[in-house]
Amino acid sequence: MSVKKIGLIVGREWSFPPAFIEEVNGRNAGVIAEYVKMGGTRMDEPCEYSVLIDRISHEIPYYRAYLKNAMLQGAYCINNPFWWSADDKFFGASLITRMGIPSPKTIVLPMKAYPEGVVSESLRNLNYPLDWDAIVAYTGLPAILKDAWGGGWKNVYKVNTIDELIRAYDETGTLCMILQEFIEFDQFVRCICVGQTNIMPIKYDPKNRRYIVEHEHLSPELGDQIVSYARQIN
């Protein structure tokens, strides 16, 4: 029987990756897991992995290119690298709203600054200056300003006034930001989704950025509703 291989592409995290590798390899089930090593990928290069688990390509474009090519060679990638191009937070908020799933009110903003070569004549379609009063009238205050493509809690600002919003916006450079209604929450849940049917809502502590093992943290009704929403999205 040939051995199947699972490859992990990871960043700085040291919790999930080694635990996953140890669990898979400890089962002795004809499957081994290991970290992928790459450096200069040919367009016709075969992929030695049946499955690739990607934890960092949203920050490393070369890894994303490698993963797309690996899919062409027959590998299965989690998460799909082709979805990344549409996976911005503004599109996500717009999509689930169209689906009838509740979302914080969200506005996508023009960038504060632009790369070299983009001049004022390049931006003739933009309304300027921005109507900050109208913007916060929609989202309300406080609100959350964050990178539309970001993750890992980077470039996230909670703003309580228009002045705070403008000061934070002025720091964002060439990032495309969204402003989002701030929701005071009683419970914070993240869903782990495997395929389109296997969904586990997990309690999350955003202040300390960690998952909490508590199996009955949701009422049956709320748990069913969250799983239903996650299934619709997936």
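Based on what the data block shows, is Asn160 touching a strand residue (DSSP E or B) at 6+ places or on another chain (Cβ under 9 Å), within 23 Å of Ala93 (Cβ to Cβ) and surrounded by fewer than 15 Cβ atoms within 10 Å (Cβ to Cβ)? Let's see the steps before the verdict.
Working: touching a strand residue (DSSP E or B) at 6+ places or on another chain (Cβ under 9 Å): yes; within 23 Å of Ala93 (Cβ to Cβ): yes; surrounded by fewer than 15 Cβ atoms within 10 Å (Cβ to Cβ): yes.
So Asn160 passes the test.
Restricting to segment 163-194, give me the number of residues that are at pLDDT 95 or above, among the aliphatic types (A, V, I, L, M) and surrounded by fewer than 17 Cβ atoms within 10 Å (Cβ to Cβ).
So the answer is 3.
Need a quick list: strands (runs of 3 or more DSSP E) entirely within segment 1-66 having at least 1 residues that are closer than 24 Å to Ala86 by Cβ and not assigned by TED's automatic domain parsing to the domain that holds Gly152. Can you show your working first?
Numbers: elements: 4-9, 31-35, 51-54.
In segment 1-66, the matching strands (runs of 3 or more DSSP E) lie at 4-9, 51-54.
So which of Lys4, Lys89 is out of contact with any helix residue (DSSP H, G or I) (no Cβ under 8 Å at 6 or more places or on another chain), of a type in the set (Lys, Arg) and modelled with pLDDT under 95?
Checking each option against the conditions leaves just Lys89.
Identify all residues within segment 92-122 that are outside any loop (DSSP other than H, G, I, E, B) and surrounded by 13 or more Cβ atoms within 10 Å (Cβ to Cβ); write none if there are none.
First pass over segment 92-122, keeping only residues outside any loop (DSSP other than H, G, I, E, B): 92-98, 106-108, 120-122.
Answer for segment 92-122, where residues must be outside any loop (DSSP other than H, G, I, E, B) and surrounded by 13 or more Cβ atoms within 10 Å (Cβ to Cβ): Gly92, Ala93, Ser94, Leu95, Ile96, Thr97, Thr106, Ile107, Val108.
Just need a number here: residues in segment 132-143 that are loosely packed, with under 13 Cβ neighbours inside 10 Å and touching a helix residue (DSSP H, G or I) at 6+ places or on another chain (Cβ under 9 Å).
1
Anything in segment 167-221 that is assigned to a helix (DSSP H, G or I), over 18 Å from Lys89 (Cβ atoms) and touching a strand residue (DSSP E or B) at 6+ places or on another chain (Cβ under 9 Å)? List them, or say none. Explain how you work it out, then say what you get.
As a first pass, look at segment 167-221 and keep what is assigned to a helix (DSSP H, G or I): 167-169, 220-221.
Okay, now just the ones that are also over 18 Å from Lys89 (Cβ atoms), so 167, 220-221.
Arg167 - this is the single residue of segment 167-221 that is assigned to a helix (DSSP H, G or I), over 18 Å from Lys89 (Cβ atoms) and touching a strand residue (DSSP E or B) at 6+ places or on another chain (Cβ under 9 Å).
List the number of the failed condition for Arg64; all other conditions in (1) surrounded by fewer than 16 Cβ atoms within 10 Å (Cβ to Cβ); (2) touching a Pro at 6+ places or on another chain (Cβ under 6 Å) hold.
The failed condition is (1).
State whether the residues of segment 108-116 include one that is farther than 30 Å from Gln225 by Cβ and among the acidic types (Asp, Glu). I'd like the intermediate steps shown before the answer.
Taking segment 108-116 first, the residues farther than 30 Å from Gln225 by Cβ are 109-116.
Next, from what is left, pick out any that are among the acidic types (Asp, Glu): 116.
Among the residues of segment 108-116, at least one is farther than 30 Å from Gln225 by Cβ and among the acidic types (Asp, Glu), which makes the answer yes.
Answer with yes or no whether Lys146 is exposed (fewer than 11 other Cβ atoms within 10 Å of the Cβ), closer than 22 Å to Ala113 by Cβ and either assigned by TED's automatic domain parsing to the domain that holds Tyr114 or touching a helix residue (DSSP H, G or I) at 6+ places or on another chain (Cβ under 7 Å) (or both).
Values: exposed (fewer than 11 other Cβ atoms within 10 Å of the Cβ): no; closer than 22 Å to Ala113 by Cβ: yes; either assigned by TED's automatic domain parsing to the domain that holds Tyr114 or touching a helix residue (DSSP H, G or I) at 6+ places or on another chain (Cβ under 7 Å) (or both): yes.
So Lys146 fails the test.
Quick check, is Tyr229 closer than 24 Å to Ile78 by Cα and either loosely packed, with under 10 Cβ neighbours inside 10 Å or modelled with pLDDT of 95 or more (or both)? If you could, list the steps in order and put the result at the bottom.
Values: closer than 24 Å to Ile78 by Cα: yes; either loosely packed, with under 10 Cβ neighbours inside 10 Å or modelled with pLDDT of 95 or more (or both): yes.
Judged against the criteria, Tyr229 is a match.
Of a type in the set (Ser, Thr, Tyr) and part of a helix (DSSP H, G or I): does that describe Tyr138? Show your work before the answer.
Details: of a type in the set (Ser, Thr, Tyr): yes; part of a helix (DSSP H, G or I): yes.
Yes, satisfied.
Of all residues in segment 124-177, which are among the basic types (Lys, Arg) and either without any contact (Cβ under 8 Å) to a residue 24 or more places away in the chain or farther than 17 Å from Thr106 by Cα (or both)?
Quick first cut of segment 124-177, residues among the basic types (Lys, Arg) only: 124, 146, 154, 158, 167.
Once the filter is applied, which keeps residues that are among the basic types (Lys, Arg) and either without any contact (Cβ under 8 Å) to a residue 24 or more places away in the chain or farther than 17 Å from Thr106 by Cα (or both), segment 124-177 yields Arg124, Lys154, Arg167.
Does segment 195-213 contain any residue that is touching a residue at least 12 places away in the same chain (Cβ under 8 Å), surrounded by fewer than 11 Cβ atoms within 10 Å (Cβ to Cβ) and under 22 Å from Pro110 (Cα atoms)?
Looking through segment 195-213, none of the residues is touching a residue at least 12 places away in the same chain (Cβ under 8 Å), surrounded by fewer than 11 Cβ atoms within 10 Å (Cβ to Cβ) and under 22 Å from Pro110 (Cα atoms).
Please work out if Gly74 is under 25 Å from the mean Cα position of the chain (by Cα), at positive phi, without any contact (Cβ under 8 Å) to a residue 60 or more places away in the chain and assigned by TED's automatic domain parsing to the domain that holds Arg42. Full working, then the answer.
Values: under 25 Å from the mean Cα position of the chain (by Cα): yes; at positive phi: yes; without any contact (Cβ under 8 Å) to a residue 60 or more places away in the chain: yes; assigned by TED's automatic domain parsing to the domain that holds Arg42: yes.
When the stated conditions are applied, Gly74 passes them.
The values are calculated or read from the model by the stated rules, or taken from the named source; none is laboratory data. Computed from a predicted structure; not experimentally measured. No Cβ is skipped: glycine too gets one built from the backbone with ideal geometry, and neighbour counts run over all protein chains shown.
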